[in-house]
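Written out below as structure tokens is the structure these notes cover.
The values are calculated or read from the model by the stated rules, or taken from the named source; none is laboratory data. As the structure is a prediction and not an experimental result, all values here were calculated from the model. No Cβ is skipped: glycine too gets one built from the backbone with ideal geometry, and neighbour counts run over all protein chains shown. The area values use the complete protein model at the heavy-atom level, side chains included, leaving out ligands, DNA and RNA. Shrake-Rupley method; radii C 1.70, N 1.55, O 1.52, S 1.80 Å.
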Amino acid sequence: MKRLSSILVCLFAASLLFAEDSSEKIVIDVEKAVEYANNYSRAIKSASIDVDSKSDARNHVLNAFLPDVSFSGTIAKPNEPEEIKAEYYSAIGSAQISLSWGLSIIEKVKKANRDYEAGVLSFEMAIRQNTRDVKKLFYHLLLQQKSLENDRKTLETTKARYESTEKSYRSGNAPRFDVLQSRVTYQNMKRDVDNAEIALERQKREFAVVLGLSPEAKIELSGSLETEIVELDKAKLLETYSAYASDIRSLELQIESLDAQRRGLNYDSWTPTLSFNYATKQTMTGLDKNWLDGANWSDKGSASLSLTWNFTNALPFSNNRIKYHDLERQQEQLKLKLAQKKDDISLDSAKLFDELETSSRALDSCRENIKLAEESYDLVNRAYRAGSAELIEVRDAEAELNKSRLAEQSELYTYICALIDLEYMLDLPKDRKER
């Protein structure tokens, strides 16, 4: 009984410890978020498995040069006579080695190498895409936090306005209509803030799952949207770093893989296959004879070397030629996709650089508005201290200042996302990103 009590106490203590640990907040900055996501992302794990599969296919493609080897053993008896005697039974042991070579094996090796290279490239692209998406999610949550902080301050101002109006009404200086209207405004704002808080917590749980953490994990974001405006030389960047280089190379590898398949099918259609076959068939009639005496065994095997051409594969309606034309159409589709991707380079790069330029100018405007809002707030605040302004006027000026600052944060988010997209498009190395 004492042992059971001790066990229960230990389990209870462990459960309390676990609960305490699970309630602890996990502080995450953008780099840590990317590290978590890249380590636990299901998409990256799937791409890694695909690379392993293609690596095995490449490493074992030369197995086609290995011969097929088989062994068999048989005890046989003719139907007549029906007597069961050892002298009527025959022992047969056979071994066979066969090997076929065709020129198509050359193209199979090329295809396996192209597929492996494409798999590695897809894995690298999955990491880059995951990094881009996680960064944008992280900064989006930061913006949501800033927006919620601003909404809370606005709610405080709205509440102060309502209380001021109610006070004026009680003193006979405001109609009841103004009180009701300010109260409705406050309640609506309070509901919106409550909903925003719930939405932010839900988004944090979803973000935790993206990072490979438990949905119950309490994450706290560490970071800022503040960033410096960088001067970008569009022509030099596009000259140094090819836009969509990985996407284009991936399409080229797919085209090369299909091309190798097509050539392999042509080899199967128009060239013969060289086959070598060796078989030994040792037979002994009469099981009562000495099995170890070689004179009792006879070899009925053979060896052959032959060239074989499959005429059916050359027919226009054969499965071989149908598959060839199907691959041909797939290749044409990929070539069109490649041409479209190359055309997208100039359009997408111009769009990103335009977004960065527009956002940069908008940030200048936002910062000018912040200066004006700060000056307005200071004037109203001084007037309030001098007794020539109401508290509600100070609150309104503060709310306008908060809105100006939030507008700047929103524009910073737009600018950061455009930079992240540019890094992804040009596949900039880490040292270049930092510069």
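Scanning segment 92-141 for residues being farther than 28 Å from L200 by Cβ, touching a strand residue (DSSP E or B) at 6+ places or on another chain (Cβ under 8 Å) and among the hydrophobic types (A, V, I, L, M, F, W, C) gives a total of 5. Here T131, T185 are screened, and the one residue that is open to solvent by less than 40 Å² (accessible area, probe 1.4 Å) and in a helix (DSSP H, G or I) is T131. Whether a residue is of a type in the set (S, T, Y), in contact with a Ser or Thr (Cβ under 8 Å, 6 or more places away or on another chain) and buried (at least 17 other Cβ atoms within 10 Å of the Cβ) was assessed, and S359 passes this test. In summary, N173 fulfils each of the numbered conditions (1) exposed (fewer than 15 other Cβ atoms within 10 Å of the Cβ); (2) modelled with pLDDT of 85 or more with the single exception of condition (2). Within segment 39-62, the set of residues being of a type in the set (G, A, S) and in a helix (DSSP H, G or I) comprises A43, S46, A47, S48, S53, S55, A57.
Condition test on W291, is it out of contact with any Pro (no Cβ under 7 Å at 6 or more places or on another chain), loosely packed, with under 15 Cβ neighbours inside 10 Å and within 23 Å of R114 (Cβ to Cβ)?
Details: out of contact with any Pro (no Cβ under 7 Å at 6 or more places or on another chain): yes; loosely packed, with under 15 Cβ neighbours inside 10 Å: yes; within 23 Å of R114 (Cβ to Cβ): no.
No, not satisfied.
Criterion applied to E256, E228, E216 was being assigned to a loop (DSSP other than H, G, I, E, B), of a type in the set (D, E) and in contact (Cβ under 8 Å) with a residue 12 or more places away in the chain, and the one residue passing it is E216.
Being in a helix (DSSP H, G or I), surrounded by fewer than 19 Cβ atoms within 10 Å (Cβ to Cβ), without any contact (Cβ under 8 Å) to a residue 40 or more places away in the chain and not small (G, A, S): is that true of L338 here? So that I can check it myself, show each step before the final result.
On the way: in a helix (DSSP H, G or I): yes; surrounded by fewer than 19 Cβ atoms within 10 Å (Cβ to Cβ): yes; without any contact (Cβ under 8 Å) to a residue 40 or more places away in the chain: no; not small (G, A, S): yes.
In short, no.
Criterion applied to K146, K111 was being buried (at least 17 other Cβ atoms within 10 Å of the Cβ), farther than 30 Å from R405 by Cα and at pLDDT 85 or above, and the one residue passing it is K111.
One line per residue, one yes/no per condition, for (1) within 25 Å of the chain's Cα centre (by Cα); (2) part of a helix (DSSP H, G or I); (3) touching a residue at least 12 places away in the same chain (Cβ under 8 Å):
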residue: N320; (1), (2), (3): no, yes, yes
residue: Q331; (1), (2), (3): no, yes, yes
residue: L347; (1), (2), (3): yes, yes, no
residue: S360; (1), (2), (3): no, yes, yes
residue: N369; (1), (2), (3): no, yes, yes
residue: Y377; (1), (2), (3): no, yes, yes
residue: A397; (1), (2), (3): no, yes, yes
residue: Y413; (1), (2), (3): yes, yes, yes
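Here is a list: Y36, Y89. Which entry is over 30 Å from L292 (Cβ atoms), modelled with pLDDT of 75 or more, surrounded by 11 or more Cβ atoms within 10 Å (Cβ to Cβ) and aromatic (F, W, Y)?
Values: Y89 fails: over 30 Å from L292 (Cβ atoms).
Going through Y36, Y89 in turn, just one is over 30 Å from L292 (Cβ atoms), modelled with pLDDT of 75 or more, surrounded by 11 or more Cβ atoms within 10 Å (Cβ to Cβ) and aromatic (F, W, Y): Y36.
Please determine whether any residue of segment 365-385 is open to solvent by 90 Å² or more (accessible area, probe 1.4 Å), over 23 Å from E31 (Cβ atoms) and among the hydroxyl-bearing types (S, T, Y). I'd like the intermediate steps shown before the answer.
So in segment 365-385, the residues open to solvent by 90 Å² or more (accessible area, probe 1.4 Å) come out as 368, 371-372, 375, 379, 382, 384-385.
Right, trim to over 23 Å from E31 (Cβ atoms) and you get 368, 371-372, 375, 379, 382, 384-385.
From the residues that got through so far, the ones that are among the hydroxyl-bearing types (S, T, Y) too are 384.
Yes, segment 365-385 contains at least one residue that is open to solvent by 90 Å² or more (accessible area, probe 1.4 Å), over 23 Å from E31 (Cβ atoms) and among the hydroxyl-bearing types (S, T, Y).
In segment 1-33, the qualifying residues are those that are at pLDDT 80 or above and out of contact with any strand residue (DSSP E or B) (no Cβ under 7 Å at 6 or more places or on another chain), and the one that is farthest from M125 (Cα to Cα) is D29. Here S72, S100 are screened, and the one residue that is small (G, A, S), in contact (Cβ under 8 Å) with a residue 40 or more places away in the chain and either touching a Ser or Thr at 6+ places or on another chain (Cβ under 6 Å) or part of a helix (DSSP H, G or I) (or both) is S100. Based on what the data block shows, is S122 under 19 Å from S257 (Cβ atoms) and of a type in the set (G, A, S)? Yes: the conditions hold for S122. Within segment 264-281, can you find the residues that are buried (at least 18 other Cβ atoms within 10 Å of the Cβ) and either among the small types (G, A, S) or touching an Asp or Glu at 6+ places or on another chain (Cβ under 6 Å) (or both)? Within segment 264-281, G264, S269 meet the criteria. Among the residues that make up segment 52-65, is at least one of them at pLDDT 85 or above and over 28 Å from I105 (Cβ atoms)? So far as segment 52-65 goes, no, none of its residues is at pLDDT 85 or above and over 28 Å from I105 (Cβ atoms).
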